[in-house]
Amino acid sequence: MNQTFKKETFRDDYTFSNSPEAVKRFPFPFHEDEYMYSVNIEPHVKTAVGSITEFTFDIDEHYVAECEDKAITLANDPQRYLCLPHMMDAQWDTLELMMESMSNDYPEQFNLTKEGDNWTWVNKPLGITTKFVFGDESSLPMEPLEYIGRQVQGDWVMLDQRDNNLFADGAIVTSQADWSLAIDVGMSWQEWHGPVPIANEIGVFDRALKYLLNLQLGSPVRRLNWTMTINPRLDTSPENYPIWGPDRLSVTPENVGDKVHLRVELQTLFRLPRSNGMLFGVRGYLISMNELVTNPLWAKRLHRVLKGLHPELAEYKGLSYKDITIDWLSKYDDGTSSE
Amino acid sequence: MSHLNVKVAAIEQVTEHVKHFTFISENGEKLPAFSGGSHVVLALNINGRIHRNPYSLMSSPLNTEHYGVSVRKQEMSRGGSVFMHEQIKVGSRIQITYPVNLFSISKLSHKNILIAGGIGITPFLSQIVDLNRMDTEYELHYAYRSPEHGAFRQQIEDMCGERSHFYVASDGQILDFYALLSKQPLGTHVYVCGPEPMVNAMIAAARDLGWPEKHIHNEQFTAPQAGESFKVKLALSNIELEVPSEMSMLEAIEEAGVDAPYLCRGGACGRCELDVVSCDGSIVHHDNYLTNAEKTGGKKIMPCVSRAKCQQIVVNL
Ligand code: HEM
Ligand code: FES
């Protein structure tokens, strides 16, 4: 595959945009005109050429720019990478899974050679070549999860499984939708999901946890989640709320198309082999309203989903600009079927 | 569930009743890495019927060129152990699941007490490799009937040194659970695998001594999903089909060329729910989706995991 990587930013002047191809493969998350939380988990199997789930990890045109943004966030706040000591096996499991998948799926960009435990990793887009000893932390410039997490788009949380529960015991998190790693690290499934409205009452969390505790090696799963963001900003963390929070007030009927973005998370879950832990990936995709309405069916459907959105979900997701967005989208909705 | 295709590379008669099997992957590649205490489920084709037997992986997690399992011949049962002993030869091909671990060492324990009875030693052999590698404190207590049955004693002495303790019943050596457990420091976890009476006695002793439930572990295997075969009638498509024992109802419907809805394939999402028109037996619910009232009501089934024990079940599809 011949991928070109865009030069763009996710902060300050916000030059991020999607090419028409990227718009086409955008993971539009709504399969009907209304939305409520559900256990929308399915096997993470490979899909059509060009789609975002063609491969285990999706490397797209934003790869280099996103990794650069990640490095800035980590430099400003080292607490975006945190890992408890008992997760070292899980770190190596994660590094192996990512390096093997990426080098198999994108041989032009990534290369992994192994002589016993002596591994050489080549990441051409980021200009990285590292020789290291698999399993020996001192042979890498930083801990394995941070090392590889800086080279894969999205956020990566490692879970330890014990006492019939999952614990978020290590992660690299630089593009989260307003939750804090420093607060959540070490928490259990019920604890970190505590702030989410409604889902618990309708049994979503209990069923999803039971399912995940049975997750099998070699059979990863995925789901989509979504929210909205003002400006194409990756780092919408509580720590930096003062930087991005006020942007929500900057939305006007004139700038909705540019400023308001739908943010879709492709969440993947893998059982890890040596640690018997789990890897949870949150890979975000951003699309501006201007880009989104180039697909008339998406425009109609998003208009209807937002109109009918449960107020507690809108509040939780922080969609204070929802009504302006609905007004703006209404001109794309003629009331005909969105199928 | 994903599967691995393996070939038997070696068979060793370890004791009178125990054989050890070495598997290599059919394509010559390394087998997947795994964690100590994992098991695999073998799919054995015995006279055209698939039997699924779980066995602990006892080879080292550090070397996945091969997997090793040991099988004790259970004369009384009609299951797979006799087949493994009598029919499986070097070169036989077997389909196995990816490793599953329902008996893993707690990573936050301060000390681990491993208790094995007879063939129940197998899951500990892979755990010991992990414990040694992670430099975690542990003791292994291995009880067996008589010297001829102490199959893996030498190997264990080599791996564990002074951390291993042996109890040979024929020599009058008895493992006293109360004595062992009452002298352990706070934060110790105990793991047991062996004959049922022994497992139960150990658990009872630990509870009696006030050990927290979370610190008491016994080996568990994935329950084979398969059950009896049964017939399904799809009322709307007017198709009749049979669900063989080794297939889920959803898979059998798909095999018949009917597009059935699904998402998680694991009984959690609710997408595959079907209305039951009639069933001349009972539904065996395995899902986490339906409420208990819906389950007893018998009007709904989640075909990705659930089955029926009946001649025929009719569903609205
Ligand atoms: C095991 C890996 C998972 C981790 C580490 C994780 C973590 C989180 C976190 C940190 C939040 C934000 C909570 C906050 O506002 O502070 C969240 C939200 C949420 N999670 Fe999870 N989660 C996981 C898996 C799942 C799964 C499998 C489901 C399936 C139903 C799920 C459903 C949700 C929902 C519905 C929300 C609210 C999202 C929104 O409205 O934007 N999570 N999760
Ligand atoms: S497919 Fe999800 S419950 Fe059956």
Using 5 Å bins from zero, what percent of all Cα-Cα pairs in the range A:11-89 falls into each bin?
3, 9, 14, 15, 16, 19, 16, 7, 1, 0
Sticking with the crude label model, points 7 Å out along Cα→Cβ, report the distance from A:Gln79 to B:Glu148 in nm, one decimal please.
6.7 nm
When all protein chains stay in place, what accessible area (Å², nearest 10, 1.4 Å probe) is found for B:Lys89?
110 Å²
Chain-alone versus full-assembly comparison, the range B:246-264, residues with accessible loss of at least 20 Å² (1.4 Å probe):
B:Leu263, B:Cys264
Can you tell me the accessible area per residue over the protein assembly as shown, all protein chains present, probe 1.4 angstrom, in square angstrom?
44 Å²
Amide H to amide H, which residues 5 or more places from B:Ser306 or on other chains are under 5 Å from it, using H placed in the peptide plane?
B:His286
Could you tell me the ratio Rg/Rh of the range B:111-219? Both radii from Cα atoms, Rh via Kirkwood.
0.94
Classify the range B:217-271 as rounded, prolate or oblate, taking a ≥ b ≥ c as the square roots of the eigenvalues of its Cα gyration tensor: rounded when a/c is under 1.5, otherwise prolate if a/b is larger than b/c and oblate if not.
oblate
Let's see if you can work this out: charge +1 on each Lys and Arg Cβ, -1 on each Asp and Glu Cβ, no other charges. What is the dipole magnitude of chain A about its Cα centre, in debye to the nearest 20?
480 debye
So what does A:Tyr241 come to for accessible area, using a 1.4 Å probe and Å² rounded to 10?
90 Å²
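If I compute solvent accessible area with a 1.4 Å probe over the protein chains, what percent of it on the range B:167-206 is carbon and sulfur? Mind dumping the intermediate values first?
Working: 1200 of 1960 Å².
In the range B:167-206, the share of accessible area belonging to carbon and sulfur is 61 percent.
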Please compute one quarter of the surface area of the Cα convex hull for the range B:230-315 and express it in square nanometres.
4.8 nm²
Any chance you could give the angle, 0 to 90 degrees and rounded to 10, that helix A:63-76 forms with the longest Cα principal axis of chain A?
80 degrees
Using a/c under 1.5 as the rounded threshold, could you call the range A:161-219 rounded, prolate or oblate? The axes a ≥ b ≥ c are square roots of the C-alpha gyration tensor eigenvalues, and prolate needs a/b larger than b/c, oblate otherwise.
oblate
Students often get this wrong, so check it: of A:Lys259/A:Lys331; A:Lys300/A:Lys322; A:Lys7/A:Lys46, which have C-alpha atoms separated by over 20 Å?
A:Lys7/A:Lys46
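Step by step: find N for the range A:286-327, compute 2.2 N^0.38 Å, then divide the Cα radius of gyration by it. What's the final number? Display every interim value, and only then the final one.
Numbers: Rg = 10.6 Å, N = 42, 2.2 N^0.38 = 9.1 Å.
With N residues counted in the range A:286-327, Rg over 2.2 N^0.38 Å equals 1.16.
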What does the C-alpha gyration tensor say about the overall shape of the range A:203-317? Classify as rounded when a/c is under 1.5, otherwise prolate if a/b is larger than b/c, or oblate.
prolate
Protein accessible area in chain A, 1.4 Å probe - carbon and sulfur %:
52 percent
Summing +1 for each Lys or Arg and -1 for each Asp or Glu, what net charge is found among the other residues whose Cβ lies under 12 Å from the Cβ of A:Asp333?
+2
Rounded percent of accessible protein surface that carbon and sulfur make up, the range B:230-315, 1.4 Å probe:
45 percent
If r is the Cβ-Cβ distance from B:Leu186 to A:Asn200 and R0 is 25 Å, what FRET efficiency results, to the nearest 0.05?
0.15
Compare each residue of the range A:86-104 in its chain alone against the assembly with all protein chains, and report those whose accessible area goes down by 30 Å² or more; 1.4 Å probe, heavy atoms.
A:His86, A:Asp89
Okay, which of the range B:277-317 sit inside 17 Å, backbone N to the point 7 Å along the Cα-Cβ direction of B:Glu228?
B:279-286, B:306-314
If the label point sits 7 Å along Cα→Cβ of B:Gln312, residues of the range B:234-256 with amide N under 11 Å come out as B:234-235, B:239-241
Convert each backbone phi in the range B:90-97 into a coupling constant with the Karplus relation 6.51 cos²θ - 1.76 cosθ + 1.60 (shift: θ = phi - 60°), then list the ³J(HN,Hα) values in order as whole Hz, x for Gly and Pro.
4, x, 4, 9, 9, 9, 10, 7
Report the residues of the range B:19-50 in range of a label on B:Gln155: point 7 Å along Cα→C-beta, backbone N strictly under 11 Å from it.
B:19-22
So if we plug the beta-carbon distance of A:Asp117 and B:Glu26 into 1/(1 + (r/R0)^6) with R0 = 25 Å, what FRET efficiency do we get, rounded to 0.05?
0.50
Helix-only estimate, please: 222 nm mean residue ellipticity of chain B, summing -39500 (n - 2.57) across DSSP H runs of length 4 or more and dividing by its residues, to the nearest 500.
-5000 deg cm²/dmol
To the nearest 10 degrees, how steep is helix B:122-134 against the longest Cα principal axis of chain B, on a 0 to 90 scale?
70 degrees
Nearby aspartates and glutamates by direct alpha-carbon distance to A:Lys307 (threshold 16 angstrom, same-chain neighbours under 8 apart not counted)
A:Glu32, A:Asp33, A:Glu34, A:Glu315, A:Asp323, A:Asp327, A:Asp333, A:Asp334
With the convex hull built on the alpha-carbon atoms of the protein assembly as shown, volume per residue in Å³ sits at 179 Å³
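Report the convex hull volume per residue for chain A, counting only C-alpha atoms, in Å³.
132 Å³
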Answer in debye to the nearest 20: the dipole magnitude of chain B about its Cα centre, from +1 Lys/Arg and -1 Asp/Glu charges placed on Cβ, is 260 debye
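For the range B:167-235, what is one quarter of the convex hull surface built on the Cα atoms, given in nm²?
On the way: hull surface 33.8 nm².
That works out to 8.4 nm², a quarter of the Cα hull's surface.
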Got a sec? Which residues of the range B:281-297 lose 10 Å² or more of accessible surface with every protein chain in place, vs. that chain alone, 1.4 Å probe?
B:Asn288, B:Tyr289
Estimated buried accessible area (total), pair A and B, 1.4 Å, Å² to nearest 100:
2200 Å²
Going residue by residue through the range A:212-228, the Karplus relation 6.51 cos²θ - 1.76 cosθ + 1.60 with θ = phi - 60° gives ³J(HN,Hα) values, rounded to whole Hz and with x marking Gly or Pro, of 5, 4, 9, 4, 9, 4, x, 10, x, 10, 8, 7, 10, 10, 8, 7, 10
Cβ charges +1 (Lys, Arg) and -1 (Asp, Glu), total dipole of the range B:230-315, debye
300 debye
Here the range B:176-184 yields Karplus 3J(HN,Hα) values (6.51, -1.76, 1.60; θ = phi - 60°; whole Hz; Gly and Pro given as x) of 9, 4, 4, 4, 5, 6, 6, 9, 8
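For B:Ile174 and B:Ile50, compute 0.36 nm times the residue count separating them, minus their Cα-Cα distance, and round to one decimal in nm.
So the chain would gain 40.6 nm between B:Ile174 and B:Ile50.
Hey, what does the equivalent ellipsoid look like for the range A:113-242, semi-axes from the Cα gyration tensor as sqrt of 5 times each eigenvalue, largest first, whole Å?
31, 21, 14
The values are calculated or read from the model by the stated rules, or taken from the named source; none is laboratory data. Quick caveat: nothing in here was measured; it's all calculated off a predicted structure. Using ideal geometry, Cβ is built from the backbone for each residue, glycine included, and neighbour counts are taken over all protein chains shown. Accessible surface areas use protein heavy atoms only, side chains included; no ligands, DNA or RNA. Shrake-Rupley method; radii C 1.70, N 1.55, O 1.52, S 1.80 Å.
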